[in-house]
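*Asks:* The structure follows.
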Amino acid sequence: MALRVNQLIGFGARTPLYRFLRLNITKVIYTGSSQLPGYTLQFSPDGGTTVYPTVNMTSDVLPAPLVASNVGNNTSGGAWNLFDGSNTTFNQAGPMFSGQVPPTPMWWQIDLGQGYGITGVNAIKYAGYNTGGIDLSIVDFNVTGSRTGAFAGEQVTLKSWTGQTSKAHQTLTTFT
């Protein structure tokens with residue numbers, strides 16, 4: 001008896017879980033300052049109802065098993081500040097120039113920990129900085145997911161956004 005194709009649907013096919021999620025910033029609005037601060041970042045697989053990380057971080061490695069990291073010219077404040085659930089805790093990476101790409105790769109990443117992961121991201125929640133003549137808003141950005149954390153070609157772009165505009169200061173905005 002020969003197997004038909006429809007008998008194999010679902011056999012051994014699993015949706016990959018992405019343990020590592022990375023926000024890559026490729027363009028910003030920049031006026032009146034030399035840094036790009038971030039206040040809150042959450043990844044969502046379902047449009048914003050469920051968010052990751054599911055708990056607020058208190059350091060780059062707490063609570064376990066979460067690990068936060070970021071890259072930019074200046075990474076003061078600790079990457080975890082972007083994942084602490086506060087719209088006022090400062091995290092920065094920069095400098096940046098309006099409408100241009102970052103001078104170095106710029107990203108924030110969360111490792112959800114061994115045995116954890118999500119199947120995709122279709123939204124992010126982000127609160128940024130826009131007050132007192134200073135506007136540092138993300139314009140073009142994407143989220144990539146990795147099962148290994150290498151981000152050396154095996155990563156998958158889960159969602160991309162382009163042409164975003166200034167957002168209200170310290171207001172959690174859902175990008176879908």
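Read-outs: derived from the displayed coordinates by stated rules, not from any lab. Quick caveat: nothing in here was measured; it's all calculated off a predicted structure. For neighbour counting, all protein chains shown are included, and Cβ atoms are generated from backbone atoms with ideal geometry for every residue, glycine included.
*Asks:* I need the peptides 135-142, 50-57 ranked by packing, meaning the mean over residues of other C-beta atoms within 10 angstrom, with the highest value on top.
*Replies:* Top to bottom by mean Cβ count within 10 Å: 135-142, 50-57.
*Asks:* Arrange THR144, THR119, THR173, THR49 by Cβ neighbour counts within 10 Å, fewest through most, would you?
*Replies:* Ordered from fewest to most neighbouring Cβ atoms within 10 Å, THR144, THR119, THR173, THR49 come out as THR49, THR119, THR173, THR144.
*Asks:* Another one. Please arrange ARG19, ARG147 by how many other C-beta atoms lie within 10 Å of their C-beta, fewest to most.
*Replies:* ARG147, ARG19
*Asks:* Also, quick follow-up: When ILE134, ILE110, ILE118 are ordered from fewest to most other Cβ atoms inside 10 Å of their Cβ, what list results?
*Replies:* Ranking ILE134, ILE110, ILE118 by Cβ neighbours within 10 Å, fewest first, gives ILE134, ILE118, ILE110.
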